[in-house]
1. If you average 1/r over every pair of different alpha-carbon atoms in segment 67-125 and take one over that average, what Kirkwood value in Å do you get?
2. Long-range amide H contacts for LEU90: which residues qualify at under 5 Å (H placed 1.01 Å from N, peptide plane, sequence gap of 5 or more or a different chain)?
3. Normalised radius of gyration for segment 115-175, please: alpha carbon Rg relative to 2.2 N^0.38 Å, two decimal places.
4. Compare THR209, THR60, THR50 in a GNM of the chain, Cα atoms joined below 10 Å, and give the one with the largest fluctuation.
5. Is segment 108-228 rounded, prolate or oblate when judged by the Cα gyration tensor, a ≥ b ≥ c being the square roots of its eigenvalues, rounded requiring a/c under 1.5 and prolate requiring a/b larger than b/c?
6. How big is the shadow of the Cα convex hull of segment 8-143, averaged over all directions, in nm²?
7. When the Cα centres of segment 15-36 and segment 84-144 are compared, how far apart do they sit, in Å?
8. Are there any helices in the chain, counted as whole DSSP H runs, that stretch 18 Å or more along their axis by Cα and score at least 0.0 on average by Kyte-Doolittle, and if so which?
Amino acid sequence: MTDEPKRVVILISGRGSNMRALIGAALDPSFPARIAGVISNRADASGLATAEDFGIPTRTIAHKDFDDRASHDAAISAAIEEMGADIVCLAGYMRLLTAEFVNRWEGRLINIHPALLPSFKGIDTHARAIAAGVRVHGATVHFVTEDMDDGPIIAQGAVPVGLRDTEADLAARVLKMEHRLYPLALRLVAEDKVTMNDGGTLYTNLSETDEQALLSPLGGAQETRDLP
Ligand code: GRF
């Protein structure tokens, strides 16, 4: 790869385990992106300490310090620019974003959602999946657009829903898939192999391995099911 690695800023609100997965992937010199910074809207997000342990610059831009959503988002946008981001990853960032923010970063702003979109947008996805009786659930990485959890899909990972699954069982199984899926999806976005085009997703020059990354990628142990 001759291209410079892309600079990625990650937005978090909490524990940052997906952020951790992205940081880990970007430690590999062959990964096409570097994590340039982490921004939280909450000072108590435990992910901040994790990022600092890796020597990654962090900023807290607390929403409660701003009068409205527009000024908070504008401050975050300015910080992202200062960090020199090419790509912005939402990783458990629990704030709705303004249209101005989304439009500013459109096509370079991606999110991971703990459900197979377009099913179960919003919060409490695992409890709702169990209540609905679905036998397959999962995670989706998508481009962010103005409507919440609605942008063009990049990659999805499915997991089985066990008949005796608790919400915690299912959340843990989906999270494991998230940690696998998000770095693979970021890689393809950073390589410009997946772009947002005309309101959809455009895939270009994908190898067979790239295509496998987009649909329920397997872990190192090649496990397909881990029901209790
Ligand atoms: C993940 O399930 C993610 O999909 C959702 O929020 C959760 C964040 O977890 N958007 P973490 O902070 O990455 O551990």
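Laboratory data are not the source of any read-out in this text; all were calculated from the coordinates shown. Remember, predicted model here, so these are calculated numbers, not experimental data. Positions of Cβ are backbone-derived with ideal geometry, glycine not excepted, and every protein chain shown enters the neighbour counts.
1. On the way: mean 1/r = 0.0787 Å⁻¹.
Mean inverse Cα-Cα distance, inverted, gives 12.7 Å.
2. Amide H neighbours of LEU90, under 5 Å, 5+ apart: LEU11, ILE110, ASN111, ILE112.
3. Normalised by 2.2 N^0.38 Å, the Cα Rg of segment 115-175 equals 1.09.
4. Checking each option, the largest mean-square fluctuation is seen for THR209.
5. oblate
6. Working: hull surface 35.9 nm².
Value for segment 8-143: 9.0 nm².
7. That distance is 19 Å.
8. Length and hydropathy pass: 167-190.
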